[in-house]
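Only one structure is covered here, and it is reproduced in the block below.
The values are calculated or read from the model by the stated rules, or taken from the named source; none is laboratory data. Computed from a predicted structure; not experimentally measured. Cβ atoms come from the backbone with ideal geometry, glycine included; neighbour counts cover every protein chain shown. The area values use the complete protein model at the heavy-atom level, side chains included, leaving out ligands, DNA and RNA. Shrake-Rupley method; radii C 1.70, N 1.55, O 1.52, S 1.80 Å.
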Amino acid sequence: MKILVATEKAFAPVAIKLIREVTEAAGHELALLENYKNVSELHSAVTDSDAMIVRSDLVTPEVLDAAKKLKIVVRAGAGYDNLDLPACTAHKVVAMNTPGQNSNAVAELAFEMMLFQARGGFSGKSGTELRGKTLGIHAIGNVGKYVAEIAKGFGMDVYAYDPFVTDDVIKASGVKVCKNPEELYSKCQYVSLHIPANDKTKKSIGYGLMKKMPKDAVLVNTARKEVIDEDGLLKVFEERPDFKYLSDVEPDCKAVFEEKYKNRFLFTMKKMGAQTEEANINAGVAAARQIVDYFKTGNEKFRVNK
Ligand SMILES: NC(=O)c1ccc[n+]([C@@H]2O[C@H](COP(=O)([O-])OP(=O)(O)OC[C@H]3O[C@@H](n4cnc5c(N)ncnc54)[C@H](O)[C@@H]3O)[C@@H](O)[C@H]2O)c1
């Protein structure tokens, strides 16, 4: 089978080396389309591929139309909002993700951003500490669990809200349970977002929740920019000079922040939560293994489309 790695933002070379080892050892052929600039390059590269590994690359109906032989696409990562799932199903393509493989990298980035902000961007001015501060984890899945672990190491007072995880599981990780988002945002000076981006969650974090946060509030978003209601965010920024926003990827309203709210935000230029060598290796190799296993045994454990 021909397995294409199609990445607008390439994997670390060491991850490619390991992906090659896994696929070639199973008798498959590996093709690479890295750092492509135009989607037409993807359309051409995918024509004769049986399987494809992507990162944040969009798998649209047009890509699937071009992929005449495609049987499986694996998103090397957790969020799979870049895959058009109904279109995958319509094209009889199995879609998978690789949950948990980059979670620690994302959790560490959340803390890297919090620490940088707490110390005034390493400007030399007096900053603040994380110890003793309240942290709310909005969704305690794979990333949220690592965030809880690190937060406890910092001596933070940790809360979580997740309607799909039982209270017992949350408590077992030493985290206090909040019954609804309102309680979480009211209690916590820091809130770290780990909800997926879907029809229910897009634009769900807005003025109503943010304004409830205590003094010197810091909202940390390593989830997706789409979950934020940016009108609400700007309204809170206008009203509350103590409010800060840290985000893994620039919001659409970045220009307003730059013009009006200097020193109150931190945005990564490109999404970089999963940009570590370790996460690249974990997610890339998991994707390769899942494809090899699917062709060998039909294993669909990580399938995300019906
Ligand atoms: N910045 C990055 O590079 C990067 C990397 C990986 C993941 N992410 C984002 O982080 C998100 C979380 O990743 P994960 O690996 O922890 O996913 P996960 O699937 O392990 O966990 C998601 C959690 O969200 C909960 N949830 C779902 N809907 C919810 C809702 N409406 N309200 C509250 N909780 C809800 C689920 O119960 C689950 O526990 C991903 O969906 C992705 O968008 C970003």
Between region 267-306 and region 25-71, the alpha-carbon center distance in angstrom: 15
Hull volume in cubic angstrom per residue (convex hull over the Cα atoms of region 145-203): 90
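Treating the beta-carbon of each Lys and Arg as +1 and of each Asp and Glu as -1, no other charges, what is the dipole magnitude of region 48-191 about its Cα centre, to the nearest 20 debye? Let's see the in-between values first.
Numbers: 16 positive and 17 negative charges, 71 e Å.
That gives a dipole near 340 debye.
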For CYS188, net neighbour charge (Lys/Arg +1, Asp/Glu -1) across residues whose Cβ lies under 11 Å away: +2
Within a Gaussian network of the chain (alpha carbon springs, distance under 10 Å), most fluctuating of VAL94, VAL191, VAL169: VAL169
ASP50 - accessible surface, heavy atoms, 1.4 Å probe, Å² rounded to 10: 10
Pair GLU129, LYS235: separation of 7 Å Cα→Cβ label points (nm): 3.8
Total charge dipole magnitude, region 151-306, about the Cα centre, Cβ charges on Lys, Arg, Asp, Glu only, Debye to nearest 20: 180
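Determine the sum of side-chain charges near PHE257: Lys and Arg each +1, Asp and Glu each -1, restricted to other residues whose C-beta is under 11 angstrom from that of PHE257. Before the final figure, lay out the partial values.
Numbers: positive: LYS244, LYS254, LYS260, LYS262, ARG264; negative: GLU230, GLU250, ASP252, GLU258, GLU259.
Neighbourhood net charge equals 0.
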Top of ASP167, ASP81, ASP199 by mean-square fluctuation, Gaussian network on the chain, Cα under 10 Å: ASP199
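Regarding region 107-207, what is the average projected area of its C-alpha convex hull, in nm²?
Values: hull surface 27.3 nm².
Orientation-averaged projected area of the Cα hull: 6.8 nm².
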Sorted largest first, extent of region 112-162 alpha carbons per principal axis (Å): 37, 18, 16
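Express in nm, to one decimal, how much length is gained between LYS152 and SER40 on full extension, taking 0.36 nm for each residue of separation and deducting their alpha carbon distance. Present the calculation step by step, with values, prior to reporting the outcome.
Values: separation 112, 0.36 × 112 = 40.32 nm, distance 4.71 nm.
Full-extension gain reported as 35.6 nm.
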Relative contact order (%) - criterion: Cα under 8 Å, at least six apart; region: the chain: 19
Using a Förster distance of 51 Å, the FRET efficiency for ARG20-ASP242 (Cβ separation, nearest 0.05): 0.50
Net length gained if the chain between ASN198 and LEU58 were fully extended (0.36 nm per residue, minus Cα distance): 48.9 nm
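Rounded to the nearest 0.05, what FRET efficiency do LYS2 and PHE116 have when you use their Cβ-Cβ distance and R0 = 51 Å?
Values: r = 43 Å, r/R0 = 0.85.
So the FRET efficiency works out to roughly 0.75.
For a quick check of your reading of the filter: which trypsin sites (Lys or Arg not before Pro) in region 82-168 sit in a DSSP loop and have no more than 13 other Cβ atoms within 10 Å? Please list the in-between numbers first.
Details: sites: LYS92, ARG119, LYS125, ARG131, LYS133, LYS145, LYS152; in loops: LYS92, ARG119, LYS125, ARG131, LYS133.
Those that pass, being in a loop and sparsely packed, are LYS92, LYS125, ARG131.
Summing +1 for each Lys or Arg and -1 for each Asp or Glu, what net charge is found among the other residues whose Cβ lies under 13 Å from the Cβ of VAL93?
Details: positive: LYS68, LYS69, LYS71, ARG75, LYS92, ARG303, LYS306; negative: ASP50, ASP65, ASP84, GLU300.
Net of charged neighbours comes to +3.
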Radius of gyration and maximum dimension Dmax of the chain, Cα, Å: 20.5, 61
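For the full complex of protein chains and a 1.4 angstrom probe, list LYS211, LYS301, LYS271 by accessible area with the highest value first.
Details: LYS211 105, LYS301 150, LYS271 60 Å².
I get LYS301, LYS211, LYS271, largest accessible area first.
Give me the dipole magnitude in Debye, nearest 20, for the chain about the Cα centre, with unit charges on the beta carbon: positive for Lys and Arg, negative for Asp and Glu. Walk me through the intermediate numbers first.
Numbers: 43 positive and 41 negative charges, 101 e Å.
Roughly 480 debye for the chain.
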Computed lengthening from GLU258 to ALA10, 0.36 nm per intervening residue step minus Cα-Cα distance: 86.4 nm
Percentage relative contact order, region 85-231, counting C-alpha pairs under 8 Å, at least six apart: 21
